[in-house]
Number of protein chains: 2
Amino acid sequence: MTTWVDGAAGSLFDIDNLPYGVFSRPGEEPRVGVRIGDLVLDLSPVAAAEMLDVHHVFQERSLNALMAEGRLVRESVRRWVTGLLSDGTERDLVEPHLVPLADVTLHLPVEVGDYVDFYASLDHATNVGRIFRPDGEPLLPNWRHLPVGYHGRSGTVVGSGTPVTRPQGQRKSPTDDTPTFGPSTRLDIEAELGFVVGTPSSIGEPVSYDDFADHVFGVVGLNDWSARDIQAWEYVPLGPFLGKSFATSVSRWVTPLEALDAAWVDVPGQDPTPLPYLRPGTGAGPARGLDIGVEVVLNGAVVSRPPYRTMYWSPAQLLAHLTVNGASVRTGDLYASGTISGPEAGQRGSFLELSWGGTEPFADGRTFLEDGDEVVLRYTAPGTAGGRIALGEVTGRVEPARE
Amino acid sequence: MTTWVDGAAGSLFDIDNLPYGVFSRPGEEPRVGVRIGDLVLDLSPVAAAEMLDVHHVFQERSLNALMAEGRLVRESVRRWVTGLLSDGTERDLVEPHLVPLADVTLHLPVEVGDYVDFYASLDHATNVGRIFRPDGEPLLPNWRHLPVGYHGRSGTVVGSGTPVTRPQGQRKSPTDDTPTFGPSTRLDIEAELGFVVGTPSSIGEPVSYDDFADHVFGVVGLNDWSARDIQAWEYVPLGPFLGKSFATSVSRWVTPLEALDAAWVDVPGQDPTPLPYLRPGTGAGPARGLDIGVEVVLNGAVVSRPPYRTMYWSPAQLLAHLTVNGASVRTGDLYASGTISGPEAGQRGSFLELSWGGTEPFADGRTFLEDGDEVVLRYTAPGTAGGRIALGEVTGRVEPARE
């Protein structure tokens with residue numbers, strides 16, 4: 001399958017990628033587009049011209065209406081778009097609706113329902129345990145039995161490129177008698193992958209491991225900005241709150257699951273064997289993870305390369321766990337992997353780990369984020385055509401705390 | 001001020017109460033109403049007839065559009081409704097639009113954005129600490145410095161009366177070697193008060209203590225159903241997740257802040273003095289709580305009477321804390337007090353405390369909830385006319401776990 005779109009073939013946004021986003025041109029309403037090369041295809045007029053049943057979903061300001069249509073529509077829309085961009089006979093119809101990325105504004109692609117963040121990397125959880133409890137067992141007793149997770153704030157999920165203001169709050173170091181108030185001095189990133197729900201489920205009906213692709217629409221890059229000093233003081237016993245809730249950045253492109261068909265790999269191994277609700281159906285083999293490479297770029301230099309394929313808990317296990325108590329998911333719900341860290345020092349997905357709790361400066365003396373720092377998270381995966389595809393990147397610049 | 005509506009004067013839903021809800025009659029679309037006595041006033045046709053600027057907000061399926069109009073509209077709509085129901089000259093216009101409660105279905109009144117739950121009762125936090133750490137300090141070091149809170153699941157907030165299916169999940173007792181999977185055996189309630197946001201705020205701009213009434217529209221009753229065995233196994237280190245996310249019940253009526261004007265009282269006292277961002281403006285005196293009485297009714301019998309006026313952290317302090325890191329609030333956001341417990345044994349707002357961790361059965365041998373149990377939370381407060389008003393009640397019956 002080859003695209004006729006100039007400059008797309010062989011790029012990270014070739015015909016086997018085709019992520020969805022929400023874009024607008026100056027003075028026009030936001031609507032749904034698909035990316036090919038450095039262009040956005042404006043789907044709404046093309047779908048109307050071809051009298052697609054679901055053409056109305058492309059006129060919306062978010063992907064939610066498209067995602068709510070379910071897996072079969074997701075797959076058939078992808079086949080249709082693939083045909084448009086590869087079949088030369090469609091070129092006259094389609095080409096006028098290809099807009100250069102440079103001419104559009106990209107918007108937050110999803111109206112987020114609930115946002116859940118997990119803690120699914122064994123290496124990350126082990127590193128954090130070693131940093132905070134150097135004399136104890138690094139992993140807590142529950143960690144290998146269930147994917148630990150918690151709810152985050154969906155109202156402060158922002159699109160890539162949105163500046164992040166350094167948060168203020170209470171923090172107390174072990175040597176202080178009382179807490180003080182002020183800007184966070186340990187501002188951090190967490191390089192993560194996010195999963196966006198398309199098809200909702202009903203309260204009381206768990207989503208099984210095997211039904212993952214029926215409910216999840218696609219994948220986003222995600223940076224779970226974290227203020228470690230605020231988090232450390234507040235988090236017992238009910239978990240992180242203001243240390244995380246000031247901002248969570250997601251990519252402006254949502255990569256549909258089908259673009260990742262070639263990226264599935266077995267998870268590294270789970271010991272003990274998970275309880276049945278966390279397992280694939282009978283005879284299906286081990287849980288499956290994704291071979292997605294991440295780059296953490298600080299002020300233009302790569303400082304870490306976390307490998308998503310080393311994650312302990314798989315995306316389908318996270319969803320099965322999230323719903324096993326009968327909790328429902330809604331279109332637009334977002335759940336994230338937690339920090340992606342691999343076993344090696346150069347594969348850590350947070351500054352907390354890269355600087356080992358602030359004790360080992362890296363990247364020209366950096367421990368935590370400074371005002372003006374820009375972080376870019378880049379993601380690539382094997383594409384179905386044999387090359388690599390890019391997921392949407394996640395960028396953010398740190399602005400000084402409010403006066 | 002006296003109402004001409006039959007049966008309302010002297011009731012708990014007299015003219016000084018007037019909570020808002022969303023109702024429908026058979027075959028009709030849900031829309032906004034206000035309760036007086038045992039009747040619902042259908043606001044939309046009356047507002048249209050009187051050519052109210054904001055009449056469209058009453059045709060919506062939730063209170064969000066009304067709440068988003070802000071404090072001045074909230075106050076003026078209340079004055080207008082009070083006039084309609086007390087001024088006899090309006091009776092001919094209004095009376096045809098009063099519908100008996102028995103003839104309507106009530107809906108979830110709010111489209112919930114983010115749901116945050118706090119832990120604001122000193123007596124509750126102390127009881128829980130004593131139950132789980134009998135030999136340690138009952139309160140953790142941060143508790144008196146900040147209102148501990150966490151994000152809950154907004155997608156499973158349900159209206160009063162919705163049955164609650166006993167959740168399943170992992171739990172591990174201290175004597176088990178490995179976790180097991182099955183229905184929760186320690187299903188509990190938490191009697192709480194919830195606050196609903198009307199006017200949104202912007203990311204990066206904290207809401208000060210004094211701006212509480214500019215942002216909060218009103219109050220709901222709330223039952224934060226909790227599976228203590230699931231929660232105990234999962235909650236370290238990131239807090240409660242599946243132990244809470246299966247259901248949170250809220251009242252079908254939202255009591256606007258103005259109906260509680262006579263209920264404000266000083267909080268019992270805060271030591272140490274909170275940091276400045278948690279205090280009222282200069283010269284305003286101590287933080288203010290609400291004198292709302294709660295009754296916990298199990299299968300028809302009152303088993304506890306938690307007094308909201310004994311809460312340590314005030315509603316305005318919770319909102320100031322929630323936003324101090326720059327997190328924004330949206331119309332429809334819901335934040336709750338946490339379990340309301342008073343200093344006496346008969347004032348505890350959870351079965352965990354009433355049965356002291358399951359060791360002291362109460363109410364005919366009950367420790368935790370059994371299938372078929374029905375819990376009703378009732379709330380009353382002093383009204384502005386000298387009597388008492390009722391908030392919306394919160395009911396729920398426990399259904400057996402899924403097969």
Quick check: anything in the range B:69-87 in contact with a Pro (Cβ under 8 Å, 6 or more places away or on another chain), surrounded by 13 or more Cβ atoms within 10 Å (Cβ to Cβ) and touching a residue at least 40 places away in the same chain (Cβ under 8 Å)?
yes
Residue list for the range B:305-315, filter: in a helix (DSSP H, G or I) and open to solvent by 10 Å² or more (accessible area, probe 1.4 Å)
B:Arg309, B:Thr310
Do we have any residue at all in the range A:279-301 that's farther than 25 Å from A:Val220 by Cβ, out of contact with any strand residue (DSSP E or B) (no Cβ under 6 Å at 6 or more places or on another chain) and either of a type outside the set (Gly, Ala, Ser) or surrounded by 18 or more Cβ atoms within 10 Å (Cβ to Cβ) (or both)?
yes
Determine whether the range A:316-324 contains at least one residue that is of a type outside the set (Asp, Glu), away from every other protein chain (no Cβ under 14 Å) and over 30 Å from A:Thr199 (Cβ atoms).
no
Among the residues of the range A:123-140, is there at least one that is under 17 Å from B:Gly239 (Cβ atoms) and open to solvent by 60 Å² or more (accessible area, probe 1.4 Å)?
yes
Here the residues within the range A:145-163 that are more than 9 Å from every other protein chain (Cβ to nearest Cβ) and in contact with a Gly (Cβ under 8 Å, 6 or more places away or on another chain) are A:Ser160, A:Gly161, A:Pro163
Criterion first (under 30 Å from A:Val157 (Cα atoms) and assigned by TED's automatic domain parsing to the domain that holds B:Arg309) does B:Asn142 satisfy it?
yes
By residue number, the members of the range B:1-29 that are within 22 Å of the chain's Cα centre (by Cα) and either buried (at least 20 other Cβ atoms within 10 Å of the Cβ) or modelled with pLDDT under 95 (or both) are B:Phe13, B:Asp14, B:Ile15, B:Asp16, B:Asn17, B:Leu18, B:Pro19, B:Tyr20, B:Gly21, B:Val22, B:Phe23
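The values are calculated or read from the model by the stated rules, or taken from the named source; none is laboratory data. Everything numeric here is computed off the predicted structure, so don't read it as measured data. We place every Cβ from the backbone using ideal geometry, glycine too, and count neighbours over all the protein chains shown. Heads up: the accessible areas ignore ligands, DNA and RNA and are worked out on the full protein's heavy atoms, side chains in. Shrake-Rupley method; radii C 1.70, N 1.55, O 1.52, S 1.80 Å.
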